[in-house]
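Working notes for the structure below.
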Amino acid sequence: QVQLVESGGGLVQPGGSLRLSCAASGSGFGIYDMDWYRQAPGKQRELVAAITSGGTTNYADSVKDRFTISRDNAKSTVNLQMNSLKPEDTAVYYCKASRLWRSYWGQGTQVTVSS
């Protein structure tokens with residue numbers, strides 16, 4: 001069992017930056033693949049960035065070169081550095097941990113990009 005708690009969301013102006021964090025409790029954080037998803041109002045939840053247990057990363061085309069996902073297994077955290085934010089990045093951001101057939105979600109953190 002893994003519990004996930006996201007933090008770091010807020011209101012930021014276009015072009016600004018935010019750093020989201022996801023803290024995991026429970027055992028074996030290092031064996032989980034970790035993802036960041038987002039869901040904007042009226043839209044489906046979409047994968048933003050992913051990092052495997054081995055450290056391989058992948059990004060949605062819409063955030064490549066702007067967002068960076070990283071993990072610290074010693075601290076059981078996964079982070080999402082978001083730069084050059086755009087209004088279309090406005091969404092609730094969720095952290096997900098997965099391994100084989102199991103997956104766990106956090107409660108989400110709101111990111112609003114607006115002037």
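The values are calculated or read from the model by the stated rules, or taken from the named source; none is laboratory data. Bear in mind that the values here come from a model prediction, so they are computed numbers and not experimental data. Note that each Cβ is placed from the backbone with ideal geometry, even for glycine, and that neighbours are counted across all protein chains shown. Remember, those area values only see protein heavy atoms, side chains included, never the ligands or the DNA or RNA. Shrake-Rupley method; radii C 1.70, N 1.55, O 1.52, S 1.80 Å.
Observations
- The stretch 37-57, residues that are part of a loop (DSSP other than H, G, I, E, B) and not charged (D, E, K, R): ALA40, PRO41, GLY42, GLN44, THR52, SER53, GLY54, GLY55, THR56
- Inspection of the stretch 89-106 finds no residue satisfying the criterion of being surrounded by fewer than 16 Cβ atoms within 10 Å (Cβ to Cβ) and more than 19 Å from GLN1 (Cβ to Cβ).
- Subset of the stretch 67-111 [of a type in the set (D, E, K, R), under 13 Å from ARG38 (Cβ atoms) and assigned to a loop (DSSP other than H, G, I, E, B)]: LYS86
Residue by residue, here is whether (1) of a type outside the set (S, T, N, Q); (2) closer than 12 Å to THR109 by Cα; (3) without any contact (Cβ under 8 Å) to a residue 60 or more places away in the chain holds:
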{"position": "GLN1", "(1), (2), (3)": "no, no, no"}
{"position": "TYR32", "(1), (2), (3)": "yes, no, no"}
{"position": "PRO41", "(1), (2), (3)": "yes, no, yes"}
{"position": "ARG45", "(1), (2), (3)": "yes, no, yes"}
{"position": "VAL48", "(1), (2), (3)": "yes, no, yes"}
{"position": "ILE51", "(1), (2), (3)": "yes, no, yes"}
{"position": "THR57", "(1), (2), (3)": "no, no, yes"}
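- Scan of the stretch 87-115 for residues that are in contact with a strand residue (DSSP E or B) (Cβ under 7 Å, 6 or more places away or on another chain) and free of Cβ contacts under 8 Å to residues at least 24 places away in the same chain, ordered by number: SER103
- Identity of the residue in the stretch 1-17, in contact with a strand residue (DSSP E or B) (Cβ under 7 Å, 6 or more places away or on another chain) and open to solvent by 70 Å² or more (accessible area, probe 1.4 Å), that ends up nearest to TRP101 (Cα to Cα): GLN3
Okay, residues lined up against (1) over 21 Å from ALA23 (Cβ atoms); (2) basic (Lys, Arg); (3) in contact with a Phe, Trp or Tyr (Cβ under 9 Å, 6 or more places away or on another chain):
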| position | (1), (2), (3) |
| --- | --- |
| LYS43 | yes, yes, no |
| LEU47 | no, no, yes |
| PHE67 | no, no, yes |
| SER70 | no, no, no |
| LEU80 | no, no, yes |
| GLU88 | yes, no, no |
| CYS95 | no, no, yes |
| GLY108 | no, no, yes |
| VAL111 | no, no, yes |
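- Just one residue in the set SER84, SER62 is at positive phi, touching a residue at least 24 places away in the same chain (Cβ under 8 Å) and open to solvent by 20 Å² or more (accessible area, probe 1.4 Å); that residue is SER84.
- Matching residues, the stretch 1-17, being part of a strand (DSSP E or B) and under 30 Å from LYS86 (Cβ atoms): LEU4, VAL5, GLU6, SER7, GLY10, LEU11, VAL12
- Qualifying positions in the stretch 18-36 - exposed (fewer than 14 other Cβ atoms within 10 Å of the Cβ), part of a loop (DSSP other than H, G, I, E, B) and in contact with a strand residue (DSSP E or B) (Cβ under 7 Å, 6 or more places away or on another chain): GLY26
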